[in-house]
Amino acid sequence: MNKTLLAASLLALAACGLAFGQPVSNPSPAPAPAGKLTAPAQGRIRVAFVLTEGAVMIDFAGPWEVFQDVMVPSRGPSMEDQHVFELYTVSDSKQPIRVSGGLLVTPDYTFADAPEPRVVVVPAQSGGSAQMLDWIRKMTTRSDVVMSVCTGAFKLAQAGVLDGKKATTHHSAYAMLQAKFPRVQVQRDMRYVRSDPVIFTAGGLSSGIDLAMHIVDLYFGRDVAAATARQMEYEGRGWMGDGSSRVKYSIPVVVHSPADGLSTGVLGNWRGSVVSDEGTVEVALHIWPDKNGRLVGTADSPDQDVTGLPVESISFIEPELHWEIPSVAGSYEGKLNAQQSVIEGTWKQNGATLPLVLKRVPN
């Protein structure tokens, strides 16, 4: 990933936030989802949250809140009876770890001594030990549910359990997931996907709440799930459908800049792509003069949903063009053709040099 602008997309992914679903006053009745899960007649359903360094807070805290808020009145008179999920964290060791935002979490169990769960939640995170992947692989054969949230899908793919199956992830990582794991059938514009009878994958961040709500629905039905949503004052309704997103996240954001309308020399808007072992990454470049005539600009990676990266040290001595993106430690050297329509050059980052041809975007 460090060979291209993919590095920037990962930084953006850790900080991004998505909107919840559209509000509703009372969820309308809908058909029960296919593939119901069987809840035990007695006892609690164990839910294990796999956490390592950098785990994204909402990816696990959202589903955690959903499961811990579920109450089934028919289970007994006391709240102890009615709470049906038992939650705990699992990691490589019991040493404290830092999750997103710096929160310190001490795991309850290790992969070696964790009680066997019926539900496993895998959020986006930086860890990926052989022990962790082996445990995830084993749980897909012994649990009711193994669910990923956001780029947690990469952990399932690393474990080999998504080969030949449909799966989704955060919209900025669609292209990366497909490039790194070509046997995965990446589904775009989905809040969640059921990959097989056990494996589920959710899109980014808040999508994990919808998937957790969907799991509650599969276990206990629409009334219990709707009561849980009401308790949480959660107004999203994505959990009630087939998992489709209302927003088409696969459609890149339209970016406007002071370069719009410019077409002299290297001024204006340019598009190209970088191809590496990590796949193909689209690049958009915008160059314009500031009030002092100095060249300034920004760069985007549309398929990674990264926009507005500051471009610095822009130098154009016709036909030679040089620019840098300090935030990803990359630089570009190119030559503008005589028609001022194409810039042929190379992108350099972390010791790698890759071709990058930029073509002018018509005004």
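The values are calculated or read from the model by the stated rules, or taken from the named source; none is laboratory data. In this text, all values refer to a predicted model and were calculated from it rather than measured experimentally. Cβ coordinates were reconstructed from backbone atoms using ideal geometry, including for glycine residues, and neighbour counts include every protein chain displayed.
Tabulated values for the structure
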quantity: When residues of the range 294-325 are limited to those that are modelled with pLDDT under 95 and outside any strand (DSSP E or B), the one nearest to Val283 (Cα to Cα); calculated: Pro302
quantity: Single match in Ala130, Ala124 (criterion: assigned by TED's automatic domain parsing to the domain that holds Gly43 and in contact with a Leu (Cβ under 8 Å, 6 or more places away or on another chain)); calculated: Ala124
quantity: Any hit, the range 235-252, residues being surrounded by fewer than 19 Cβ atoms within 10 Å (Cβ to Cβ), touching a strand residue (DSSP E or B) at 6+ places or on another chain (Cβ under 7 Å), at pLDDT below 95 and farther than 14 Å from Met190 by Cα; calculated: no
quantity: Residues of the range 130-141 that turn out to be assigned to a helix (DSSP H, G or I) and touching a residue at least 12 places away in the same chain (Cβ under 8 Å), as a count; calculated: 8
quantity: Boolean, Ser195 is more than 15 Å from the chain's Cα centre (by Cα), assigned by TED's automatic domain parsing to the domain that holds Ala61 and surrounded by 23 or more Cβ atoms within 10 Å (Cβ to Cβ); calculated: yes
quantity: Among residues of the range 142-159, those that are part of a helix (DSSP H, G or I) and buried (at least 22 other Cβ atoms within 10 Å of the Cβ), counted; calculated: 8
quantity: Within the range 267-293, tally of residues that are in a strand (DSSP E or B), within 20 Å of His322 (Cβ to Cβ) and either of a type in the set (A, V, I, L, M) or not assigned by TED's automatic domain parsing to the domain that holds Glu344 (or both); calculated: 5
quantity: The lone exception for Asn26 - which of (1) more than 23 Å from the chain's Cα centre (by Cα); (2) modelled with pLDDT of 95 or more it fails; calculated: (2)
quantity: Residue within the range 200-213 that is modelled with pLDDT of 95 or more, surrounded by fewer than 17 Cβ atoms within 10 Å (Cβ to Cβ) and part of a loop (DSSP other than H, G, I, E, B) present; calculated: no
quantity: Members of the range 73-93 that are surrounded by fewer than 18 Cβ atoms within 10 Å (Cβ to Cβ) and among the aliphatic types (A, V, I, L, M); calculated: Met79
quantity: Members of the range 95-129 that are over 18 Å from Gln68 (Cβ atoms), part of a strand (DSSP E or B) and hydroxyl-bearing (Ser, Thr, Tyr); calculated: Thr110
quantity: Test: residue in the range 237-247 that is closer than 17 Å to Gln349 by Cβ, out of contact with any Pro (no Cβ under 6 Å at 6 or more places or on another chain) and assigned to a loop (DSSP other than H, G, I, E, B); calculated: no
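Conditions (1) touching a residue at least 60 places away in the same chain (Cβ under 8 Å); (2) crowded, with 17+ Cβ neighbours inside 10 Å; (3) over 24 Å from Lys248 (Cα atoms); (4) of a type outside the set (Gly, Ala, Ser), marked per residue:
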position	(1), (2), (3), (4)
Asp260	yes, no, yes, yes
Ser263	yes, no, yes, no
Gly268	yes, yes, yes, no
Asp277	yes, no, yes, yes
